Amino acid sequence: MNRREALQNVTLLIGGAVSLTTASVILNGCKPSNEGKEVAGAAGKPFSLSADHSKILDELTEIIIPKTDTPGAIEAGVGPFIALLLADCYTKEQQDHFVKGFDLVGQEAKKLGGDLFSLDAAKKIDLMKSLKELAKAEREEAKAKQVDPESGIEKQDAKAKKVPVPFFDLLRELTVFGYFSSEIGAKSNLNYVSVPGRYDACITITPDTKAYAL
Amino acid sequence: MYINSNGKDEVTYDAIVVGSGVSGGWAAKELTEKGLKVAMIDRGRDVKHVVDYTTANSDPWDFKTRGRLDLKTMEEYWAGVRTGYTANEEHRHLFENDKENPYDETRRFDWIRAYHTGGRSLLWGRQSYRWNEKDFTANGEEGVGVDWPIRYKDLEPWYTYVEKFAGISGSKENLSVLPDSSFQPAMELNCVEKEVKKGIESKFAGRKMIIGRVAHLTNPTEEHKALGRGSCQFRNRCMRGCPYGAYFSTQSATLPAAQKTGNLTLINDKIVYSLIMDDKTGKAIGVRSKDQNTMEEAEYYAKIIFLNAGSINSSWIMMQTKNSANPNGLGNESDQLGRNIMDHHLGAGASGKWEGFEDMYYYGRRPNGIYIPRFANWGSDKRDYLRGFGYQGGASRGRGTDDLGFGADFKAKHSMPGQWGMNIGGFGECLPYETNRFTLTDKKDKWGLPIINFDAAWGDNEWKMREDMVSEAANMLESAGCKDINTFNDKEKSPGIGIHEMGTARMGRDQKTSVLNGNNQVWGATNVFVTDGACMTSASCVNPSLTYMALTARAANFAVEELKKQNL
C-alpha cells in the first residue's frame, strides 16, 4: 500500500474525520524500517552483517526464491529483512552461528569450483543442496548428543540446552517467511484480499487458484 | 490526604464504575440508561473507537518484524509471550508491559492484562455461550466449593437482554447442555467441517459439532446501526480493534450507548486502589485513586459502586479496603477474598489431515471456528472426574508443500493452497480450590501500590480431564475420517492462560463462605457490587463473558431498584 492509498483507506474508514496526526500514527507502520543495523543484540553489541556477507545472503535468498514470472527474493528485500530479524529476534549465540554459516558457503562453493557468484545456476542449486545436507547432519549430531547412548532416552537437561538452528534451516525458513510476508512476494504470488466483506464457506477452485496471502 | 480542588460536588456521582471492560461497560450503560449520573473510571489511557485502532489496516509487511517476537518484547512482556499471541506486534500496544506491571508467582500464573478504555473487551475471543441449568447446580449437588445463590432461570431473561444488544451470531440447536441464545444469523461451516460434523454426529450418539457462537454482527438491527455498528467484514483482524464496530466491545457498543444518555463521565488514567468506607453505615462512599502518570491522589464519591476492574484487580481493591469492620479486606469475613481462582484449561486436543476436497476452498477470513458442546458427565455419560469440556477448532487449508524445499518449483507450489487440516482443542472446566489464590505482597509497584503474588495450579480433576480431552479429540477426528492424527497436551500452560481468570470474590448464600450475595452485593457493604469474573462461584466449561454481561445487567437493574426504594 502506498502512502496515498493508505491515507485514503484510513479516511474512508473513519468517515473523513481524521486529523493529520492520527493519520501519521496509523501510517507509521507502513514505513520501511532500516533500524535493524542499529539495534543492540542480546549481548548489548549491535549486530550487523558485513557488506560481503550481505551480498552473499542476498544471493542465497535468490537461490531459495528465484525470480520467475514473479519477482525473486532480492527484489522483495528478503536479505535486509533477515539481517533485521537476526538483530532483533535472535540471541547472540544464534547470530554468531548464522554468521559462521557464511564460511560453510565459501567452503562448499570452493568444492564446486569457485566462489558463490561464479557458479552457474545448476551449481548454485548443488551448493544449496550441500548446505541442506550439512544442516541435516548438524541436526542429527545435536540430537545424538541429547540422547543417552545406553538408554536411548533424551537427557534431562537436553531441553534446557538450546542448540542453535543450523545455517541452512534458518536461512531457508526466514527467506520463505520474509518473501511471502513482503508486499511484493505476497501480492505477486498469492491472492491478497484486504477486506473480504463476506464469508463463502465452500467455493470451487481451479488448479491455478492461488492461496490467500492473509 | 489530597482534597480535590474543585470541591466535592464536582467529583460526586450517583454511581461509580471501576473498570471499562466487558462488565464495566455494561454497568455504565445500564446505570446511565436508568438515569443515574455515572463516572466510569479506568486505570489506563483512553483508546478511542476506530481512530485509535492504529494497526487495524496494517498488512504483515507494515510491521517491523512482521509478527515475529523480538528479544526486547520477550523480556518486557514476559507473561504475555506465554500465550503465544498476545505480545505479537500487531496488537501488543493494547496489552500491558509486564516488566512495568510486575507480579510474583509462587506457582506460575499467566496474567494477561489490558489497561485502557475497553480493557479486554477489545481483545477477547468473542466466543459467547450461555451456561446451562446444571452449571448453576453442580457445586451444590457435588459438594464442591459453595452453591450458587442463583439459578439459570434467574439469569435467562438477562441473557436474552444482553444478547440482543451485543449481537451474538450462532445457530439454534435446542440443546440442554448449551441453551440457545437470541441469535444473529450464524456463520457457516466450511466443506471439511461439514464432513467432520457428519462423521462425529453419526458415530457418537448425542454429540454435536456446530458453528461457534460469536459476538459478531452478521445482520445488524436498527439499534446496532444507531450506535454506528456494521456487519462483520471477515477480515479476522479483530484483536486490533474493529473499524466497523462489528464485534461487541465497550467502544463499539456499551460506551456509545452510555454516552448517548448524557449521563456518563469517562475518567482515564486513575488507578482506583481502595474504597472509602463509612464506618457507621458500613457502606462505601467513594473510591481512592492514583493518577498513573502524575501520581496525583484523587477521590471520587457516589451512592453505589460497581467494581469491574477485572477478576484479580477488583479483589485487589477490596483487599486494600480495610477498616475496623473489615480488618482483612472488604467483605472478607469468609477469608475467601482472593481464593478459588479458576480459569479454563486448554491446549489439549488433536489435529489431523483431510484428504480430498482439493478443488474446494473458502473466501473470507471467518473470525470464528467450530464448537463441540460438552458431552462428558452429561446425561448418562459418566467419567472418573467431575464436569466436562467443550472443543473449539476448525478446518483450513495451508499453503502448498513445505518439505524444506527451495527453488522455482518450490516457490510455485508454496503459492497454491495446501492440504486441508482440522484441529480441535478442549476448553475444560476448572474447579474452585481455596488453595488457588493470590495475596498482596509487601513489595510495591512504581505507583507505590502492592504487588500481587499468585499461588495456583491445575488440580487432579483438571489433569484427568485433559487426558480425556486428548483421547476423545483423537477418537472423534479419526472416526470422522481425518488422517495422520496428532495429539497435543501442553502441560506448561498454567492457570490464567485461558484469560478467563475468575472466582476471587465468589457469590454465595452465606457471608461466612462467600464474598458476594445473590445480587452481586458485597456482604456487609450492600452498595458495593462486583460483577466481573471475580463473582463467579464455578467456571462452567464455556467462555464466560456473556455470563458476565448478563450478571452485570441483572445486578445494575437490582441496584437501581434498591436505590429507588432507598435501600442502598
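The values are calculated or read from the model by the stated rules, or taken from the named source; none is laboratory data. Source: prediction; values computed, not measured. Note that each Cβ is placed from the backbone with ideal geometry, even for glycine, and that neighbours are counted across all protein chains shown.
Are there strands (runs of 3 or more DSSP E) fully within the stretch B:417-472 with at least 2 residues that are under 30 Å from B:M360 (Cβ atoms)? List them.
Working: elements: B:417-428, B:437-444, B:450-455.
Filter on the stretch B:417-472 gives B:417-428.
Only residues that are within 9 Å of chain A (Cβ to nearest Cβ) and of a type in the set (D, E): list them for the stretch B:348-373, please.
Matches in the stretch B:348-373: B:E358, B:D359.
Going through the stretch A:193-214 one residue at a time, which ones are touching a Lys or Arg at 6+ places or on another chain (Cβ under 9 Å), assigned to a loop (DSSP other than H, G, I, E, B) and not β-branched (V, I, T)?
Kept after step one, since they are touching a Lys or Arg at 6+ places or on another chain (Cβ under 9 Å), are these residues of the stretch A:193-214: A:193-197, A:199, A:201-202, A:211-214.
Next cut, assigned to a loop (DSSP other than H, G, I, E, B) only: A:193-197, A:199, A:211, A:213-214.
Result: A:S194, A:P196, A:G197, A:Y199, A:A211, A:A213, A:L214.
Looking at B:E90, is it away from chain A (no Cβ under 14 Å) and either at pLDDT below 95 or assigned to a loop (DSSP other than H, G, I, E, B) (or both)? Give the steps one after another, and end with the answer.
Working: away from chain A (no Cβ under 14 Å): no; either at pLDDT below 95 or assigned to a loop (DSSP other than H, G, I, E, B) (or both): yes.
Criteria not met by B:E90.
Quick one: which residue in B:N101, B:N88, B:N97 is within 30 Å of A:Y179 (Cα to Cα) and assigned by TED's automatic domain parsing to the domain that holds B:L307?
Working: B:N101 fails: within 30 Å of A:Y179 (Cα to Cα); B:N97 fails: within 30 Å of A:Y179 (Cα to Cα).
On inspection, the qualifying residue turns out to be B:N88.
Starting from residues that are at the interface with chain B (Cβ under 7 Å from one of its Cβ atoms) and more than 22 Å from B:M187 (Cα to Cα), keep the ones in the stretch A:196-210 and report whichever is nearest to the chain's Cα centre (by Cα). Please lay out each step first, then the result.
In the first step, residues of the stretch A:196-210 are kept if they are at the interface with chain B (Cβ under 7 Å from one of its Cβ atoms); the result is A:196-205, A:209-210.
If we keep only those that are more than 22 Å from B:M187 (Cα to Cα) as well, we get A:209-210.
On the way: A:T209: 25, A:K210: 21 Å.
Checked the stretch A:196-210; the qualifying residue nearest to the chain's Cα centre (by Cα) is A:K210.
Return the total of residues in the stretch B:113-155 being under 22 Å from B:G21 (Cα atoms) and of a type outside the set (S, T, Y).
Restricting attention to the stretch B:113-155, the residues satisfying the condition of being under 22 Å from B:G21 (Cα atoms) are B:113-131, B:155.
Next cut, of a type outside the set (S, T, Y) only: B:113-114, B:116, B:118-120, B:122-127, B:130-131, B:155.
So the answer is 15.
Consider A:G101 carefully, then state whether it is assigned to a helix (DSSP H, G or I), under 16 Å from A:E173 (Cα atoms), in contact (Cβ under 8 Å) with a residue 60 or more places away in the chain and more than 14 Å from chain B (Cβ to nearest Cβ). Steps first, answer last, please.
On the way: assigned to a helix (DSSP H, G or I): yes; under 16 Å from A:E173 (Cα atoms): yes; in contact (Cβ under 8 Å) with a residue 60 or more places away in the chain: yes; more than 14 Å from chain B (Cβ to nearest Cβ): yes.
Judged against the criteria, A:G101 is a match.
When residues of the stretch B:414-439 are filtered for being of a type in the set (V, I, T) and crowded, with 22+ Cβ neighbours inside 10 Å, how many remain? Spell out how you get there, then give the answer.
Keep residues of the stretch B:414-439 that are of a type in the set (V, I, T), which gives B:424, B:435, B:439.
This time we only want the ones that are crowded, with 22+ Cβ neighbours inside 10 Å, so: B:424.
Number satisfying all stated conditions: 1.
Within the stretch B:401-446, work out how many residues are over 25 Å from the mean Cα position of the chain (by Cα), polar (S, T, N, Q), farther than 30 Å from B:M469 by Cβ and more than 8 Å from chain A (Cβ to nearest Cβ).
2
Among the numbered conditions (1) touching a helix residue (DSSP H, G or I) at 6+ places or on another chain (Cβ under 7 Å); (2) over 20 Å from B:V11 (Cα atoms), tell me where B:E333 comes up short.
Unmet condition: (1).
Here are B:T261, B:T265, B:T281, B:T221: which of them is modelled with pLDDT under 95, among the hydroxyl-bearing types (S, T, Y) and surrounded by fewer than 22 Cβ atoms within 10 Å (Cβ to Cβ)?
Values: B:T261 fails: modelled with pLDDT under 95; B:T265 fails: modelled with pLDDT under 95; B:T221 fails: modelled with pLDDT under 95.
Of the residues listed, the single one that is modelled with pLDDT under 95, among the hydroxyl-bearing types (S, T, Y) and surrounded by fewer than 22 Cβ atoms within 10 Å (Cβ to Cβ) is B:T281.
Can B:G398 be described as assigned to a strand (DSSP E or B), within 14 Å of chain A (Cβ to nearest Cβ), at pLDDT 95 or above and surrounded by fewer than 22 Cβ atoms within 10 Å (Cβ to Cβ)?
No: the conditions fail for B:G398.
If only one of B:S231, B:S202 is among the small types (G, A, S), free of Cβ contacts under 8 Å to residues at least 24 places away in the same chain and within 11 Å of chain A (Cβ to nearest Cβ), which one is it? Full working, then the answer.
On the way: B:S202 fails: within 11 Å of chain A (Cβ to nearest Cβ).
None of the others qualify; the one that does is B:S231.
If you scan the stretch B:134-155, which residues turn out to be over 13 Å from B:L386 (Cα atoms), among the hydrophobic types (A, V, I, L, M, F, W, C) and in contact with a Pro (Cβ under 9 Å, 6 or more places away or on another chain)?
B:V146
Return the residue satisfying two criteria in turn: it lies in the stretch B:374-395 and is touching a Cys at 6+ places or on another chain (Cβ under 9 Å) and not in a loop (DSSP other than H, G, I, E, B), and of such residues it is farthest from the other protein chains (Cβ to nearest Cβ).
Out of the qualifying residues, it is B:F389.
Determine if the stretch B:34-55 includes at least one residue that is within 13 Å of chain A (Cβ to nearest Cβ), part of a helix (DSSP H, G or I) and out of contact with any strand residue (DSSP E or B) (no Cβ under 8 Å at 6 or more places or on another chain). Walk me through it before giving the result.
Applying the first criterion (within 13 Å of chain A (Cβ to nearest Cβ)) to the stretch B:34-55 yields B:47-55.
Remaining after also requiring part of a helix (DSSP H, G or I): none.
No: the stretch B:34-55 contains no residue that is within 13 Å of chain A (Cβ to nearest Cβ), part of a helix (DSSP H, G or I) and out of contact with any strand residue (DSSP E or B) (no Cβ under 8 Å at 6 or more places or on another chain).
Look through B:D510, B:D442 and report the one residue that is surrounded by fewer than 16 Cβ atoms within 10 Å (Cβ to Cβ), free of Cβ contacts under 8 Å to residues at least 60 places away in the same chain, on the phi < 0 side of the Ramachandran plot and not hydrophobic (A, V, I, L, M, F, W, C). Lay out the reasoning, then the answer.
On the way: B:D510 fails: free of Cβ contacts under 8 Å to residues at least 60 places away in the same chain.
On inspection, the qualifying residue turns out to be B:D442.
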